[in-house]
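The values are calculated or read from the model by the stated rules, or taken from the named source; none is laboratory data. These numbers come from a predicted model, not from an experiment. Please note: Cβ atoms are built from the backbone with ideal geometry, for glycine as well, and neighbour counts cover all protein chains shown.
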Amino acid sequence: MISKGQCFPLYWYEKADADTSAKPQSEIFDASSTPDADGYIRHDAITDWALAAFCDHYSDPTITKEDIFWYVY
């Protein structure tokens, strides 16, 4: 069951480099520019585009990224 499973995380992390803005994936996902205590930057795994698509489809502007995450699981 685990070998064929998929994981859809709420957040993903990338190591803070001197030039993290040059990475294309950093531009796609919502990012906080401040690294945490371990030197990682947290990104939302659900894009702003996906959030807008859910809100538009269900005509509900109160939907959050966490709501989408729990909907998937």
| message | Going residue by residue through the range 30-43, is there one that turns out to be at pLDDT below 95, aromatic (F, W, Y) and exposed (fewer than 11 other Cβ atoms within 10 Å of the Cβ)? | response | no
| Qualifying positions in the range 54-73 - at pLDDT 95 or above and either loosely packed, with under 13 Cβ neighbours inside 10 Å or outside any helix (DSSP H, G or I) (or both) | D56, H57, Y58, S59, D60, P61, T62, I63, T64, E66
